[in-house]
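The values are calculated or read from the model by the stated rules, or taken from the named source; none is laboratory data. Owing to the predicted nature of the structure, the values given are computational and were not obtained by experimental measurement. Here the Cβ positions follow ideal geometry from the backbone for every residue, glycine too, while neighbour counts run over all protein chains shown. The accessibility values were calculated without ligands, DNA or RNA, using every heavy atom of the protein model including side chains. Shrake-Rupley method; radii C 1.70, N 1.55, O 1.52, S 1.80 Å.
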Protein chains: 2
Amino acid sequence: MQSYQSMTKEELIKEREEVQAQYKKYQKSELNLNMARGKPSLEQLDLSMGLMDVLGSRADLTCDDGTDCRNYGVLDGIQEAKVLLGDMIECHPDNIIIFGNSSLTIMYDTLSRSMTHGVMGNTPWCKLDKVKFLCPVPGYDRHFTMTEHFGIEMINVPILSTGPDMDIVEELVSSDEAIKGIWCVPKYSNPTGITYSDETVRRFARLKPAAKDFRIYWDNAYGVHHLYDLDQDNLVEILAECKRVGNPDMVYKFCSTSKISFPGSGVAAIAASPNNLVDIKEQLKNQTIGFDKVNQLRHVRFFEDIYGVTEHMKKHAEILRPKFEWILDRFDEEFGGREIGKWIRPKGGYFICFEAMEGCAKAIVSKAKKAGVVLTPAGAPFPYGKDPKDSVIRIAPTYPTLEDLKIATEVFITCVKLASLDKLIEHAELCEVF
Amino acid sequence: MQSYQSMTKEELIKEREEVQAQYKKYQKSELNLNMARGKPSLEQLDLSMGLMDVLGSRADLTCDDGTDCRNYGVLDGIQEAKVLLGDMIECHPDNIIIFGNSSLTIMYDTLSRSMTHGVMGNTPWCKLDKVKFLCPVPGYDRHFTMTEHFGIEMINVPILSTGPDMDIVEELVSSDEAIKGIWCVPKYSNPTGITYSDETVRRFARLKPAAKDFRIYWDNAYGVHHLYDLDQDNLVEILAECKRVGNPDMVYKFCSTSKISFPGSGVAAIAASPNNLVDIKEQLKNQTIGFDKVNQLRHVRFFEDIYGVTEHMKKHAEILRPKFEWILDRFDEEFGGREIGKWIRPKGGYFICFEAMEGCAKAIVSKAKKAGVVLTPAGAPFPYGKDPKDSVIRIAPTYPTLEDLKIATEVFITCVKLASLDKLIEHAELCEVF
């Protein structure tokens with residue numbers, strides 16, 4: 001396929017006329033499609049309806065240690081839920097606290113606790129002049145908005161194919177005491193889809209932070225969300241690695257069943273070192289008597305064990321794989337050799353990240369919207385919503401049906417071509433002037 | 001019955017010998033009973049087992065507006081849950097946000113948000129030198145421990161039979177800008193069992209706080225927890241009253257279904273003015289995508305409407321009434337005329353509050369423990385765990401079976417007599433010396 005970059009101005013204009021005609025067709029068909037958020041589809045939600053039956057009115061709602069899950073108590077979660085989620089994230093159940101339905105809330109509460117009470121005896125952040133976080137970009141928009149909400153300064157760090165640029169991370173973390181954390185989605189990363197390499201994780205574990213209360217916020221949101229049974233990415237387990245190299249307290253690991261069972265009604269957890277868990281529980285006991293134990297038990301009874309989760313995730317993969325592959329194959333067919341964008345073929349997770357030509361992301365998202373396809377706003381995967389190159393677009397293929405997704409993909413491809421052609425023609429015209 | 005206060009030293013010693021003999025019998029019987037926490041009994045929990053059936057795998061989990069409760073979204077709760085809880089606390093559904101399973105967490109998060117972000121644009125409390133709360137005493141221990149956790153200074157205000165002493169409340173609130181809140185359990189109060197009088201609520205609504213960000217923390221935990229169908233306490237609805245007198249933003253009202261359905265798995269809510277709700281949601285959208293909507297729907301399908309709640313609460317009352325009445329009748333029989341303690345006959349709620357002779361509460365709780373009956377620690381209903389008169393004991397009659405409760409009551413009565421006799425004899429001996 002001919003690269004747009006190598007076309008003459010006349011060729012570009014001709015091409016644009018064709019693409020423009022196609023775009024107008026889409027506009028006329030009054031589409032209403034959405035690839036904006038990482039939401040499971042209805043078909044996926046139906047996989048977990050068995051959850052609704054495992055605890056009928058005749059069920060015994062006591063857990064293994066004799067606790068009646070209906071009543072008050074058990075601050076850190078029932079043991080069998082710790083085992084299940086522990087197996088899911090490769091951590092010992094003793095290193096886990098089970099919370100409510102949202103890992104985002106755990107992350108928020110972790111920031112909030114650090115602001116008001118500090119981390120393991122260190123100065124509360126609200127008493128410091130400046131607190132900074134490193135933000136590998138592109139990343140998860142909700143991490144960034146909550147960090148901004150607390151007035152924490154965010155510093156961009158580029159994500160490479162191996163994870164965050166560790167030369168930069170090491171340099172900053174070891175030299176600036178105001179840097180208190182870094183946001184990581186280490187597996188099937190949101191939105192790039194990459195998994196941190198072994199070396200990256202090992203370098204993370206060996207960081208020598210200037211701040212004693214520096215923590216890695218390890219959002220393991222897609223730990224078991226593989227698209228393929230054999231061809232899976234592997235992620236070095238960071239808690240164990242940190243412990244092994246003498247940095248046991250440096251990481252908070254977050255996970256949830258939101259994209260395993262129901263996003264509206266799952267269970268979430270944090271895993272951390274014993275010292276961190278003591279610190280967290282000291283605060284948590286003031287915040288609650290205990291989270292929803294019945295729902296914890298419901299999840300345990302439904303999945304039974306980690307094998308149950310593995311088999312369940314295969315069913316999700318069967319629904320998601322065709323969607324991912326369709327988009328990626330069409331990108332290969334339409335963009336291969338065109339030199340107007342880059343993307344990675346993720347082996348799991350919830351997103352495809354398209355890196356358009358510089359200065360084109362906003363235009364693409366805007367054109368798609370006008371043709372009835374809603375995408376995540378350009379800029380969203382960056383702190384303060386500012387993509388310095390205006391090039392990154394996060395595509396969420398999960399929610400639409402495959403049929404709708406196919407149409408949305410064609411619209412997206414057309415919009416990318418159109419915005420790229422606009423840019424190249426504009427550039428060609430500028431060159432003529434000078 | 002002869003008053004202990006009027007007995008001679010010799011009479012007291014003789015009485016003590018008899019009571020002591022009875023106490024030793026209890027000690028030998030190796031009891032293991034608990035009246036420490038306001039937990040529903042197993043029999044009460046069984047009333048709500050129907051909750052487990054209303055959303056089977058064939059149920060439609062979409063709510064009235066078409067939202068699929070299984071998926072992400074709906075920050076402030078599903079409409080039908082707002083209607084149900086709104087009817088429960090006499091508030092318009094538009095004034096409500098539904099949260100997770102714990103109103104305690106909402107209260108904690110409200111304090112936490114005020115610390116980090118301030119209240120409706122006012123200075124965040126963490127930036128102030130001093131923040132104070134008024135604490136009507138005796139009150140709910142978990143209110144006080146969370147307030148202490150945030151380093152907020154607590155000021156005791158006596159509770160009268162009409163509610164907090166409003167002369168003191170008005171004086172302090174209008175003169176000290178550092179006073180940012182007051183804790184209230186206005187109906188069937190924890191632990192006194194009283195309900196705030198109409199005048200008290202009207203005076204609350206008419207407060208003229210020195211601090212713009214002063215808020216009444218109105219923990220309506222026992223709003224529908226009547227022991228009698230007709231002989232109910234009535235509480236003036238504070239949000240409406242505040243609005244009526246031009247103070248619409250001065251109150252946060254909290255409630256939950258913890259002691260209606262399951263404490264481990266209920267739904268909780270806050271009600272407040274539109275201005276406050278905007279302020280809360282501005283923060284909340286950073287903390288979660290939404291709380292457990294499936295459980296909200298489950299509660300709506302189970303109770304159907306407020307009439308369903310009323311009928312359900314009658315079943316709770318049938319279980320609780322004999323327990324409360326047994327203890328109160330035995331108190332009448334054993335303490336009437338003795339002048340060694342005071343108590344109120346509550347018409348609802350979860351507690352009986354016994355006010356022993358000064359300096360006797362710790363001794364009573366300790367003696368009961370040694371005879372196998374665990375009570376709430378003396379001092380717990382006071383800030384910093386310090387009961388200035390060492391006289392208040394909170395009794396929680398709900399959890400034990402009626403049979404166990406009868407034994408525990410006899411032990412308690414014996415311990416009260418014993419500690420009182422010890423005190424009176426000690427006093428008589430001191431008088432002899434001087």
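Compared with the dominant principal axis of the Cα atoms in chain B, helix B:103-117 is inclined by about 70°.
In terms of the Cα gyration tensor, with a ≥ b ≥ c the square roots of its eigenvalues, is region B:176-242 rounded because a/c is under 1.5, prolate because a/b exceeds b/c, or oblate? Since a/c reaches 1.5 and a/b is larger than b/c, the shape of region B:176-242 is classed as prolate. A cysteine counts as unpartnered when no other cysteine's C-beta lies under 4.7 Å of its own; in chain A this applies to A:CYS63, A:CYS69, A:CYS91, A:CYS135, A:CYS184, A:CYS242, A:CYS255, A:CYS353, A:CYS360, A:CYS415, A:CYS431. Position B:PRO322: other-copy label points at 6.1 nm, ordered by increasing distance, label point 7 Å along Cα→C-beta. Within region B:50-104, the proportion of Cα pairs with more than 17 Å between them is 47 percent. Across B:TYR307, B:TYR140, B:TYR196, mean-square fluctuation computed from a Gaussian network of chain B (C-alpha pairs under 10 Å connected) peaks at B:TYR307.
If you plug the beta carbon distance of A:LYS127 and B:LYS315 into 1/(1 + (r/R0)^6) with R0 = 35 Å, you get a FRET efficiency near 0.10.
Size descriptors for region A:131-215 (Cα atoms only): Rg and Dmax, in that order, 12.1, 33 Å.
Keeping to pairs on different chains or 8 or more places apart, tell me how many lysine pairs in region A:6-48 have Cα atoms under 28 Å apart.
6
Given +1 at the Cβ of Lys and Arg, -1 at the Cβ of Asp and Glu and no other charges, the dipole of chain A around its Cα centre is 800 debye to the nearest 20.
Placing a label point 7 Å from the Cα of A:PRO274 along the Cα-to-Cβ direction, the distances to the matching points in the other copies come to 5.5 nm, shortest first. Applying the criteria of a DSSP loop state and at most 11 other Cβ atoms within 10 Å to the trypsin sites (Lys or Arg not before Pro) of region A:304-349 yields no site.
Build a GNM of chain B with springs between Cα atoms under 10 Å: which of B:ILE352, B:ILE13, B:ILE89 gets the top mean-square fluctuation? Top of the fluctuation ranking is B:ILE13.
When all protein chains stay in place and ligands, DNA and RNA are ignored, the 1.4 Å accessible-area order of B:LYS187, B:LYS389, A:LYS243, largest first, is A:LYS243, B:LYS389, B:LYS187. Taking the 0 to 90 degree range and rounding to the nearest ten, how far is the long axis of helix B:9-28 tilted relative to the main principal axis of chain B, both from C-alpha atoms? With rounding to tens, the tilt is 60 degrees.
Heavy-atom accessible area, probed at 1.4 angstrom with all protein chains present, ranks A:SER161, A:SER197 as A:SER161, A:SER197, highest first. Here A:GLU10 yields copy-to-copy label distances, from shortest upward, of 13.2 nm, the label point defined as 7 Å from Cα along Cα to C-beta. Sparse packing (at most 11 other Cβ atoms within 10 Å of the Cβ) combined with a DSSP loop state is found for the following trypsin sites (Lys or Arg not before Pro) in region A:13-73: A:ARG58.
Taking a cut-off of 24 Å, what percent of all Cα-Cα pairs in region B:75-212 are separated by more than that? Pairs farther apart than 24 Å: 38 percent. Helix B:402-433 versus the longest principal axis of chain B: what angle, 0 to 90°, nearest 10, using Cα atoms? Approximately 50 degrees, to the nearest 10. For the protein assembly as shown, the fraction of 1.4 Å probe accessible surface lying on carbon and sulfur atoms is 49 percent.
For the pair region B:258-287 and region B:1-76, the centres of their Cα atoms are 25 angstrom apart.
Around B:ILE194, under 11 Å between beta carbons, what's the net of Lys plus Arg minus Asp minus Glu among the other residues?
After counting each charged neighbour, the total is +2.
Solvent-accessible area of A:TRP343, all protein chains in place: 60 Å² (probe radius 1.4 Å, heavy atoms, ligands and nucleic acids excluded).
Its Cα gyration tensor gives region B:228-363 an equivalent ellipsoid, and the semi-axes of that ellipsoid, as √(5λ) in whole Å with the largest first, are 36, 22, 16.
For region A:163-211 versus region A:143-157, the inter-centroid distance based on Cα atoms is 16 Å. Shown here: region A:1-128, whose C-alpha atoms stretch 76, 52, 28 Å along the first, second and third principal axes, sorted largest to smallest. How much net charge surrounds B:SER103 when only other residues with a Cβ under 11 Å from its Cβ are counted (Lys, Arg +1; Asp, Glu -1)? Every neighbour counted, the sum reads +1. Residues of region B:275-296 that bury at least 50 Å² of accessible area once all protein chains are present, compared with their chain alone (1.4 Å probe, heavy atoms only, ligands and nucleic acids left out), are B:ASN286, B:GLN287, B:ILE289, B:ASP292.
Highest mobility in the GNM of chain B, judged by mean-square fluctuation with C-alpha springs under 10 Å and restricted to B:SER174, B:SER112, B:SER57, is found for B:SER57. Per-residue ellipticity at 222 nm, computed for the protein assembly as shown from helices alone with -39500 (n - 2.57) per DSSP H run of at least four residues, works out to -13500 deg cm²/dmol. What share of the DSSP beta bridges in the protein assembly as shown is antiparallel, in percent to the nearest 5? In the protein assembly as shown, DSSP labels about 45 percent of beta bridges as antiparallel.
Once you sort the root eigenvalues of the Cα gyration tensor of chain A as a ≥ b ≥ c, which label holds: rounded (a/c under 1.5), prolate (a/b larger than b/c) or oblate (the other case)? Oblate, because a/c is 1.5 or more while a/b does not exceed b/c. Net charge of the neighbourhood of B:ILE89, taken over other residues with C-beta under 9 Å away and scored Lys/Arg +1, Asp/Glu -1, is -2. If you look at the Cα atoms of the protein assembly as shown, you get an Rg and a Dmax of 31.0, 118 Å.
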